[in-house]
Amino acid sequence: MLLLVIDQFRYDYLLRFRDQYTGGLSRLLNEGAVFDNAYLERYPTVTAIGHATALTGATPALSGIVGNDWYDRESHKRVFSISDEPTEANQTVEKRATHKAGDVTLSR
């Protein structure tokens, strides 16, 4: 299963610009399931909370994802939602927060 969430991307853009999509978005639209009338009541507008809820159905009280960052009582550190301490041991929360993700390509 693949859930694609694009922040700040209005649903009507899928149809409005469909002829301009090549590669990944085109393939997902042509071969995947698209729910054009989906609605989640009280959907959180904070990125990490929203993604965790969409993927699991769990509210922040159940998932433990309470924001894009939080204070971890066990480690006594501020944790960013996408942090991975073993691979990013030398980076600070601020550096990770400003890092821009690369392009994602779907392939067969």
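The values are calculated or read from the model by the stated rules, or taken from the named source; none is laboratory data. Since this is a predicted model, take the numbers as computed values, not measurements. All Cβ positions, glycine included, derive from the backbone under ideal geometry; neighbour counts span all protein chains shown.
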#### Entry: Filtered residues of segment 69-84 (kept if at pLDDT below 85 and farther than 15 Å from residue 7 by Cβ)
83, 84
### Query
Can you tell me which of 104, 66 is at pLDDT below 80, within 16 Å of the chain's Cα centre (by Cα) and not aromatic (Phe, Trp, Tyr)?
104
